[in-house]
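The values are calculated or read from the model by the stated rules, or taken from the named source; none is laboratory data. Please read all numbers here as calculations on a predicted model, not as lab measurements. Every residue, glycine among them, receives a Cβ derived from its backbone with ideal geometry; neighbour counts consider all protein chains shown. Heads up: the accessible areas ignore ligands, DNA and RNA and are worked out on the full protein's heavy atoms, side chains in. Shrake-Rupley method; radii C 1.70, N 1.55, O 1.52, S 1.80 Å.
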Amino acid sequence: LGDRGFSNYKVSHYTDVMKMSKDITAAEAGFLEPVATVVSGAKKLRIKPAETVVVIGAGTMGLLNAQVAKAFGARVIISELTEKKLSRAREMGIAEVIDAKSNNPVEEVMRLTDGKGADAVIAAVGNTIAYKQGYEMLKKMEGRFLLFAAGYPQPEMQINPNEIHYRRLEIIGTMNADVADFVDAAFMISNID
């Protein structure tokens, strides 16, 4: 079970128990830990209302990242290759969706942002090509790039350190969540449609 989990009985300290709506299903409540890790990353990324956030990957964690970025007030764009995931992302209606198999996602992000680029990019897949594209999608100055997912085999990331310096870019890693993130995630799951 780890620190959190489902069981018939467990004695826990009150600070380890998250209040959630009684109107949600157990399946929805089961997303507490994944949503908490996404909230942790969003806080590190410092998402602000009206910013443009690109999420690369529309799997479960990519879609959760998109939903949380939207809840933080961002305009969200999702880039994905797989048709099934593209369809799911479109059905959810939380973001503009780029078919990265049929379109150059970097060019599409630039087109959708009138050449500005993304304020922030979340790599929800651990992949060399996704990292390259995400870096290229960032706005010219002070863009932020969150590496949400690890990849195996280990992806490569070729970045010019001078560019990071002169463009004041941030490359941010994230993993896990703290109690405050769990509290925020429980509120979001319980209260945000």
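Condition test on residue 61, is it over 22 Å from residue 148 (Cβ atoms), of a type in the set (A, V, I, L, M) and crowded, with 16+ Cβ neighbours inside 10 Å? Before you say what the answer is, go through the steps one by one.
Working: over 22 Å from residue 148 (Cβ atoms): no; of a type in the set (A, V, I, L, M): yes; crowded, with 16+ Cβ neighbours inside 10 Å: yes.
So residue 61 fails the test.
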Quiz item: Can you name every residue in segment 11-59 that is out of contact with any helix residue (DSSP H, G or I) (no Cβ under 7 Å at 6 or more places or on another chain), closer than 22 Å to residue 124 by Cα and among the hydroxyl-bearing types (Ser, Thr, Tyr)?
Solution: 37, 52
Self-check item: Count - residues of segment 77-106 that are of a type in the set (D, E, K, R) and either under 15 Å from residue 121 (Cβ atoms) or surrounded by 13 or more Cβ atoms within 10 Å (Cβ to Cβ) (or both)
Solution: 6
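Could you pull out the residue among 123, 89, 95 that is in contact with an Asp or Glu (Cβ under 7 Å, 6 or more places away or on another chain), modelled with pLDDT of 95 or more and closer than 25 Å to residue 35 by Cβ? First the steps, then the outcome.
Details: 123 fails: in contact with an Asp or Glu (Cβ under 7 Å, 6 or more places away or on another chain); 95 fails: in contact with an Asp or Glu (Cβ under 7 Å, 6 or more places away or on another chain).
One residue alone meets the criteria, 89.
Specify which of the listed residues (11, 53, 76) is more than 30 Å from residue 111 (Cβ to Cβ), β-branched (Val, Ile, Thr) and out of contact with any Pro (no Cβ under 8 Å at 6 or more places or on another chain). Before you say what the answer is, go through the steps one by one.
Numbers: 53 fails: more than 30 Å from residue 111 (Cβ to Cβ); 76 fails: more than 30 Å from residue 111 (Cβ to Cβ).
Exactly one residue qualifies, and that residue is 11.
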Quiz prompt | Residue ranges of helices (runs of 4 or more DSSP H) in segment 89-193 with at least 3 members in contact with a strand residue (DSSP E or B) (Cβ under 9 Å, 6 or more places away or on another chain) | solution = 105-112, 128-137
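For residue 27, indicate whether it is assigned to a helix (DSSP H, G or I), among the small types (Gly, Ala, Ser) and within 17 Å of residue 187 (Cβ to Cβ).
Details: assigned to a helix (DSSP H, G or I): yes; among the small types (Gly, Ala, Ser): yes; within 17 Å of residue 187 (Cβ to Cβ): no.
Taking the combined requirement at face value, the residue does not satisfy it.
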Exercise. Look at segment 107-124 and say how many of its residues are open to solvent by less than 60 Å² (accessible area, probe 1.4 Å) and not small (Gly, Ala, Ser).
Key: 8
Self-check item: Tally, over segment 132-156, of residues that are without any contact (Cβ under 8 Å) to a residue 40 or more places away in the chain, closer than 21 Å to residue 110 by Cα, of a type outside the set (Lys, Arg) and open to solvent by 20 Å² or more (accessible area, probe 1.4 Å)
Solution: 5
Practice problem: Being within 20 Å of residue 131 (Cβ to Cβ), of a type in the set (A, V, I, L, M, F, W, C) and in contact with a strand residue (DSSP E or B) (Cβ under 6 Å, 6 or more places away or on another chain) is the filter here, so list the residues in segment 57-88 that pass it. | Solution: 58, 66, 69, 76, 77, 78
Quiz item: What are the residue pairs meeting all of these: first residue in segment 49-69, first residue more than 14 Å from residue 36 (Cα to Cα), second residue open to solvent by less than 20 Å² (accessible area, probe 1.4 Å) and not aliphatic (A, V, I, L, M), Cβ atoms under 6 Å, and 6 or more apart or on different chains?
Solution: 51/119; 52/113; 52/119; 55/62; 55/65; 56/79; 56/134; 58/80
